[in-house]
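Asks: This is the structure I have questions about; it appears just below.
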Amino acid sequence: SHGVDSCQHRVENLVRQLPRPLYFVKRDVADYFPSINHERLLELMAEWIEPDDYLFKLLEQRIRFEIIEDEEVRTAERGIAFGTAIACFFANLYLTPLDRRMAKIKGLKYFRYSDDLLAFSKDRESALEAAQGMATTFSELKVTSKPKAHRNFFFPLTAGHTDGKFEAVDRFQHLGLEFRSDNTVGMAREKGRKIRNLFRTAFRRKRKRFAKTRKPDLRAQLAVDIAHDVIEEGFRSVAIIDYYLKHVNDESQLRQLDQWLAEEILSVTFRNGHKKGNFKKIPFSQLRAMGLPSLQHRRRLLRHGHLESHFFTMRNENLIAQQQRRLPSARKNISGTDSLQTGKHRQKTLVRESAPC
């Protein structure tokens with residue numbers, strides 16, 4: 001199982017490096033959390049923890065729960081409570097038999113984020129073996145594949161190349177990103193909509209301030225400042241935006257988002273919707289002078305290391321702190337003084353080791 005950020009980087013690199021044709025198998029478990037079988041989950045947990053251990057008993061209490069059905073109380077046989085911290089552990093544990101099976105397939109690249117599965121290989125037979133392995137494991141674990149996410153497809157070597165077992169495509173979506181056969185990476189359509197909604201929501205929250213501001217230039221400046229805060233200050237919005245900017249290399253898509261943001265700001269300014277004529281009243285150059293942010297420019301700064309996202313900096317600091325809490329206190333060196341160089345090296349190592357892939 002892979003962390004989403006590390007997973008996407010590896011998928012991008014492998015899709016770019018591997019030759020065509022390239023065969024993919026994509027699955028997503030239908031109603032995953034409600035479908036987890038308790039007895040099977042406990043069997044898997046017993047491989048890691050002794051059944052008579054206190055920890056096993058404690059986790060078993062979190063797995064088994066009672067439900068009322070037809071006015072009778074009975075113990076549920078499947079399903080785990082979604083949204084709890086321990087649910088993620090159970091969800092990852094339940095599909096470990098699939099992880100082991102996929103690891104045995106020669107030449108297969110396999111990624112799992114909870115119940116979202118992606119496997120691919122330049123070898124057609126390895127991809128077919130992965131598809132069969134997933135079907136077998138799903139049956140053993142008593143889960144099913146979500147029909148919309150059940151796909152076997154491939155990037156062909158040449159246009160017009162067909163295959164009876166795999167659908168020829170030039171792109172696919174995985175965890176919010178769109179990977180394309182020409183090696184570009186863009187945002188899935190609904191994710192672009194999600195980013196636009198971040199700005200719309202921020203503008204709506206400040207509607208009272210807009211109502212008090214009469215002059216168009218001042219209203220435009222207020223909207224620009226709000227858009228800047230969405231990109232720079234809001235922890236949730238920065239996390240969402242910078243995640244996609246780290247991976248997307250489709251400049252045209254980001255250019256369109258920048259154009260939309262400028263139009264949205266003028267729409268808020270003049271209260272008349274997205275009209276091209278608004279740029280005659282306040283030109284694009286004037287918005288830039290006000291400090292209009294650019295997703296395209298921010299993406300370049302992030303990709304080239306000239307800008308460090310507050311979200312990813314905070315995430316790495318938290319990972320370092322978590323690791324240090326598990327380590328014994330730093331030892332003294334031979335001279336009896338603390339080795340700062342060793343401490344710095346340890347921090348860098350911890351960040352690197354914490355990457356899920």
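Asks: Between a residue in segment 131-157 that is farther than 27 Å from L44 by Cα and any residue that is of a type in the set (F, W, Y) and in a loop (DSSP other than H, G, I, E, B), which pairs come within a Cβ distance under 8 Å, given they are 6 or more apart or on different chains?
Replies: Short answer, once both residue conditions are applied: N152/F166; F153/F166; F154/F166.
Asks: If you check F153 against the conditions, is it modelled with pLDDT of 95 or more, closer than 30 Å to L245 by Cβ and either under 22 Å from the mean Cα position of the chain (by Cα) or not aliphatic (A, V, I, L, M) (or both)?
Replies: yes
Asks: Now, a different point. Can you name every residue in segment 189-212 that is closer than 19 Å to L261 by Cβ and without any contact (Cβ under 8 Å) to a residue 40 or more places away in the chain? Please lay out each step first, then the result.
Replies: Taking segment 189-212 as the starting set, the residues that turn out to be closer than 19 Å to L261 by Cβ are 189-207, 209-210.
Within segment 189-212, R189, E190, R193, N197, T201, A202, R204, R205, K206, R207, R209 qualify.
Asks: Check off (1) assigned to a helix (DSSP H, G or I); (2) at positive phi; (3) not polar (S, T, N, Q) for F89 and give me the number that stays unchecked.
Replies: It is condition (2) that F89 fails.
Asks: Same structure, new question: For segment 199-235, which positions are of a type in the set (V, I, T), surrounded by 14 or more Cβ atoms within 10 Å (Cβ to Cβ) and part of a helix (DSSP H, G or I)? Show your work before the answer.
Replies: Here is the first cut: in segment 199-235, the residues of a type in the set (V, I, T) are 201, 213, 224, 226, 230-231.
Then keep just the ones that are surrounded by 14 or more Cβ atoms within 10 Å (Cβ to Cβ); that gives 213, 224, 226, 230-231.
Answer for segment 199-235, where residues must be of a type in the set (V, I, T), surrounded by 14 or more Cβ atoms within 10 Å (Cβ to Cβ) and part of a helix (DSSP H, G or I): V224, I226, V230, I231.
Asks: Could you give me the residue pairs with C-beta distances under 8 Å whose first residue belongs to segment 264-291 and is over 22 Å from K212 (Cβ atoms), whose second residue is in a helix (DSSP H, G or I) and of a type in the set (S, T, N, Q) wherever it lies, and which are 6+ apart or on separate chains?
Replies: H274/S267; K275/S267
Asks: Going by the structure shown, is L58 in contact (Cβ under 8 Å) with a residue 12 or more places away in the chain, more than 26 Å from F179 (Cα to Cα) and not assigned by TED's automatic domain parsing to the domain that holds L117?
Replies: no
Asks: Oh, and also: Specify the residue that is nearest to the chain's Cα centre (by Cα); the eligible residues are those in segment 106-123 that are surrounded by 19 or more Cβ atoms within 10 Å (Cβ to Cβ) and either free of Cβ contacts under 8 Å to residues at least 40 places away in the same chain or part of a helix (DSSP H, G or I) (or both).
Replies: So, considering only residues that are surrounded by 19 or more Cβ atoms within 10 Å (Cβ to Cβ) and either free of Cβ contacts under 8 Å to residues at least 40 places away in the same chain or part of a helix (DSSP H, G or I) (or both), the one nearest to the chain's Cα centre (by Cα) is Y110.
Asks: Being closer than 29 Å to P147 by Cα, out of contact with any Cys (no Cβ under 7 Å at 6 or more places or on another chain) and not assigned by TED's automatic domain parsing to the domain that holds Y113 narrows it down to one residue among A76, A46; which is it? Steps first, answer last, please.
Replies: Working: A46 fails: closer than 29 Å to P147 by Cα.
On inspection, the qualifying residue turns out to be A76.
Quick grid of which residues meet (1) assigned to a helix (DSSP H, G or I); (2) farther than 14 Å from F199 by Cβ; (3) out of contact with any Leu (no Cβ under 8 Å at 6 or more places or on another chain):
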position	(1), (2), (3)
I240	yes, no, no
N249	no, yes, yes
Q253	yes, yes, yes
L257	yes, no, no
W260	yes, no, yes
S267	yes, no, yes
F279	yes, yes, no
P293	no, no, no
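Asks: Just wondering, is there one or more residues in segment 175-191 that are assigned to a loop (DSSP other than H, G, I, E, B), among the aromatic types (F, W, Y) and either in the same structural domain as S267 (by TED's automatic domain parsing) or at pLDDT 95 or above (or both)? Write out each step before concluding.
Replies: We begin by selecting, within segment 175-191, every residue assigned to a loop (DSSP other than H, G, I, E, B); these are 175-176, 181-184, 188.
Checking the rest, the ones that are also among the aromatic types (F, W, Y) come to none.
The answer is no; no qualifying residue exists.
The values are calculated or read from the model by the stated rules, or taken from the named source; none is laboratory data. Nothing here was measured: the structure is a model prediction, and the numbers come from that model. Reconstructed Cβ throughout: ideal geometry from the backbone, glycine too, with neighbour counts over all protein chains shown.
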